[in-house]
Amino acid sequence: MVSPKKSTQPAASSPVLVFVDVDNTLVKGASIFMFAIEAWKSGFIKWHHVIPALFQQRYFIKKGETSKRLNSTRERAQALVAGHSVAAFEQVAEIAWRRSIAPKVFPEILQELQDHLGKGRQVWLLTASPQGLASVMARDLRLTGAIGTSLEMQDGNFTGNIDGELLHGPNKAAAAAELAQRLDANLRDCFAYSDSAADIPLLESVGNPRAVNPDSALLAHAQNRGWPQLWPGETEKHKRRRS
């Protein structure tokens, strides 16, 4: 794993934010698909919701982000929660995190985030996964917080619609800029970690971008820009194929 370059620490009055993608960056695979498996086991959804997730999870781990997977993530999140109560979703999210997602966390990346926290920086998850699931992850990893995709609710149940836009691509960069402005942070002092070329707008917006287990397009961009590349654990085997 390439050691990140040191950056100059700004004045104490200006917070440093660390933005972290989840799927294939902090966690091996897609968290929403792991949620789908546990949701089925818990009786939250039917088996026909799970079958596509099994195939797409395998492809995502090997190849990285695709527009097809993005559309599937949006559709999957909507289909999984439509008509279900928020309370039931939160219960399944807790189970999915403990049983399926937490064991897939890359220890090297988690250590990086803990090092940032130890230096007084704020670590925020930025993910297309539902806000409720992202919040569980951030809480248990003792991170500062999480920003995920908001799902529309009515009378304590999910409607099956997304409230606003999927937190992906330029929307992530916008969310990071909004949070930085709210906390009076300078983005040039901040960090961002991602595996996907879709997050290049986010990575370009900060002074300290990190390409983690990058897909082919992000790998090429990171090499051209001279960005540090991190290959946690078994992802090193992907490097030659993606190059």
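Total residues in the stretch 196-243 satisfying the condition of being buried (at least 18 other Cβ atoms within 10 Å of the Cβ), hydroxyl-bearing (Ser, Thr, Tyr) and in contact with a helix residue (DSSP H, G or I) (Cβ under 7 Å, 6 or more places away or on another chain): the figure is 2.
Considering the stretch 136-164, the residues that are touching a Gly at 6+ places or on another chain (Cβ under 8 Å) and without any contact (Cβ under 8 Å) to a residue 40 or more places away in the chain include one that is farthest from residue 93 (Cα to Cα), namely 152.
On the basis of being surrounded by 15 or more Cβ atoms within 10 Å (Cβ to Cβ) and among the basic types (Lys, Arg), does residue 188 make the cut? No. Regarding residue 184, is this residue of a type outside the set (A, V, I, L, M) and farther than 20 Å from residue 28 by Cβ? So residue 184 fits the description; yes. Only one entry of 177, 222, 185, 197 meets the criterion of being closer than 19 Å to residue 134 by Cβ and of a type outside the set (S, T, N, Q), and that entry is 177.
Of all residues assigned to the stretch 165-172, at least one qualifies as being under 30 Å from residue 13 (Cα atoms) and free of Cβ contacts under 8 Å to residues at least 24 places away in the same chain. Do you know which of the residues in the stretch 173-185 that are farther than 26 Å from residue 197 by Cα and touching a residue at least 60 places away in the same chain (Cβ under 8 Å) is surrounded by the most Cβ atoms within 10 Å (Cβ to Cβ)? Checking each candidate, the answer is 183.
Within the stretch 160-207, the set of residues being on the phi < 0 side of the Ramachandran plot, over 15 Å from the mean Cα position of the chain (by Cα) and part of a loop (DSSP other than H, G, I, E, B) comprises 163, 165, 183, 185, 186, 190, 206, 207. Residues that are within 18 Å of residue 147 (Cα to Cα) and in contact with a Gly (Cβ under 7 Å, 6 or more places away or on another chain) within the stretch 200-217 comprise just one, 201. Could you please let me know if residue 149 is at pLDDT below 90, among the hydroxyl-bearing types (Ser, Thr, Tyr) and either in contact with a strand residue (DSSP E or B) (Cβ under 7 Å, 6 or more places away or on another chain) or closer than 15 Å to residue 20 by Cβ (or both)? Taking the combined requirement at face value, the residue satisfies it.
The values are calculated or read from the model by the stated rules, or taken from the named source; none is laboratory data. All values derive from a computational prediction rather than experimental measurement. Reconstructed Cβ throughout: ideal geometry from the backbone, glycine too, with neighbour counts over all protein chains shown.
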